[in-house]
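Just below is one structure, and these are the notes that go with it.
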Amino acid sequence: MPKSYFQSSPLAKADSGKSETKAICLKGTALKEFINKMANLIIANGLIVAYNNQVYSFDGKIYKPLNEFRFNQWIFQEALKQDVLLSMHNCQSVIQSVALRCPIFNGEANSENYTVFRNCSVSNSDGQVVQYPPNYFATICIEANYLQDAILYHPITDAFLNTICGGEPELIIRHWEFWGYVLSSDARAKVIPFLYGSTGNNGKSTELALLKHLLSEGSVDNMPMCTLLSEFGKNRLRNLRMEISADEGEINLKSRDIGYLKSFSGHDDMTANVKFKDFVTFTSTCKIVIASNNNIGMAYSAVDPAFTRRLLTIPYPVCIPKEKQDPYILYKLLEEKDAIVTEAFRHYLKLKARNYIFTDCSKYEIPQPMYMSPLNPEYDAVRNFTSSFCDFSDAETFTSTQELYNIFNSLYAGIFKDITGFSQAFYLVNKDRLKKDRKRHNGENIRGFYGVRLNTNN
């Protein structure tokens, strides 16, 4: 965007001003003409634009909600460079004149065609670099430079990923893909990254803090899940790149909650309730990231295969001992931020070319139903029973429901009222690993499951 007339950005740090100045105070017609001249130049250079009934100013790369105090300071300094001394009231008159006549952007902010970095914009389709896309309105950018070097150097980041991934190359690649996707403006993968580790001290907090530092101020939020899923939570997603729900303990989702999360992550058009204002409609492009060392629970009636398919598990298999943790690791990682964001974006481009198929890490993941089932004593007992007494290594093995229930009931008497409740819970917890069926035996149809064998040696 051209800005040739002015020597600085409205959001740049204001000059302190000279102790001696030859600036003069204009009056009458001369003052009105100067105010009008300043307003015209601001408009012509695209420094002020209206969007969603709010005025934004251009900082050289993205638009931010107008900070009138800072803009007044900037106008004052620009006038001084022309030997004109303006009062606060005069500066405010310039802003008012601009606000009444500035262009209005009617499209979608942060369109998914480009991702904006501090030094350029990059096409999400082919990686082509442009200085600033035409007719593009960005309020979010990656706070680092995009490098065009053939080889990138980020040894501290490599060591960090190697540690938290246990040296597993597939996991390391999945982390790069996750970083690239959430930093980009693209939200068409329709996934909900779920950062999961059974223990603490596994690197999740550092990774999330890094991602937050790599995105512009105000583009990442940390709403608790209860706030996100509340009546007014939707509206807060409008101008976000990433929403992080982290370290809340166990999360129990109901049918309505799952519907909301599907809409948030599904690139859907949403209507949101704004407190004391009219409803607003927007396309959801914010990435919802859940991080926990605990389970995600769903009421049995709410279990939705479409939702579970959207969960992109980012496993954390390593617990880092306290004595081996570097308290300054975040600051060291940020020293490599240009190389990090470039590497991540290159992985994103490869991911998009594969139609958003993330690197397979299934051998490092626990089965989804083990961390996605209702959080209550009944299902906790089934999970414990499954871990201790069930073998899923042979898909052809058949075990009757009655056999399973008899052993379970001898250990957890009175947990379920009858065998039907146990059967439903056992299937929900283990449905990815077995098949519910019947088997003919001695002239009877025996209800049970293929793919599970009882192991009573424990």
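The values are calculated or read from the model by the stated rules, or taken from the named source; none is laboratory data. This is a predicted model, so every value here is computed, not measured. All Cβ positions, even for glycine, are placed from backbone atoms using ideal geometry, and neighbour counts span all protein chains on display. For accessibility, only protein heavy atoms count, side chains too; no ligands or nucleic acids. Shrake-Rupley method; radii C 1.70, N 1.55, O 1.52, S 1.80 Å.
Considering only segment 119-164, state which residues are open to solvent by 70 Å² or more (accessible area, probe 1.4 Å), under 20 Å from residue 330 (Cα atoms) and part of a loop (DSSP other than H, G, I, E, B).
153
When the residues of segment 198-211 are narrowed to those that are in a loop (DSSP other than H, G, I, E, B) and farther than 27 Å from residue 357 by Cβ, which ends up least open to solvent (accessible area, probe 1.4 Å)?
In the first step, residues of segment 198-211 are kept if they are in a loop (DSSP other than H, G, I, E, B); the result is 198-203.
Next, from what is left, pick out any that are farther than 27 Å from residue 357 by Cβ: 199-201.
Numbers: 199: 57, 200: 31, 201: 84 Å².
Among residues in segment 198-211 that are in a loop (DSSP other than H, G, I, E, B) and farther than 27 Å from residue 357 by Cβ, the one least open to solvent (accessible area, probe 1.4 Å) is 200.
Working carefully through the options 251, 244, 258, find the one that is at pLDDT 80 or above and crowded, with 18+ Cβ neighbours inside 10 Å. Let's see the steps before the verdict.
On the way: 251 fails: at pLDDT 80 or above; 258 fails: at pLDDT 80 or above.
Result: 244 is the single residue among 251, 244, 258 that is at pLDDT 80 or above and crowded, with 18+ Cβ neighbours inside 10 Å.
May I ask you to list the residues in segment 397-449 that are in a strand (DSSP E or B), touching a helix residue (DSSP H, G or I) at 6+ places or on another chain (Cβ under 8 Å) and open to solvent by 50 Å² or more (accessible area, probe 1.4 Å)?
436, 447 - these are the residues of segment 397-449 that are in a strand (DSSP E or B), touching a helix residue (DSSP H, G or I) at 6+ places or on another chain (Cβ under 8 Å) and open to solvent by 50 Å² or more (accessible area, probe 1.4 Å).
Wholly within segment 280-396, which helices (runs of 4 or more DSSP H) include no fewer than the required count, namely at least 1 residues that are surrounded by 14 or more Cβ atoms within 10 Å (Cβ to Cβ), at pLDDT 85 or above and small (Gly, Ala, Ser)? Outline the logic, then answer.
On the way: elements: 305-310, 329-334, 337-353, 368-371, 377-389.
Hits in segment 280-396: 337-353, 377-389.
Pick from segment 261-279 the residues that are at pLDDT 75 or above and crowded, with 17+ Cβ neighbours inside 10 Å: which of them is nearest to residue 379 (Cα to Cα)?
261
Checking residue 195 against (1) within 18 Å of residue 336 (Cα to Cα); (2) hydrophobic (A, V, I, L, M, F, W, C); (3) crowded, with 21+ Cβ neighbours inside 10 Å: exactly one of these is not met. Which one?
So the condition that residue 195 fails would be (1).
In segment 212-227, which residues are surrounded by 16 or more Cβ atoms within 10 Å (Cβ to Cβ) and farther than 21 Å from residue 62 by Cβ?
223, 225 - these are the residues of segment 212-227 that are surrounded by 16 or more Cβ atoms within 10 Å (Cβ to Cβ) and farther than 21 Å from residue 62 by Cβ.
Please go through segment 88-110 and give me each residue that is surrounded by fewer than 16 Cβ atoms within 10 Å (Cβ to Cβ), touching a residue at least 12 places away in the same chain (Cβ under 8 Å) and part of a loop (DSSP other than H, G, I, E, B), ordered by number.
Across segment 88-110, the qualifying residues are 103, 107, 108.
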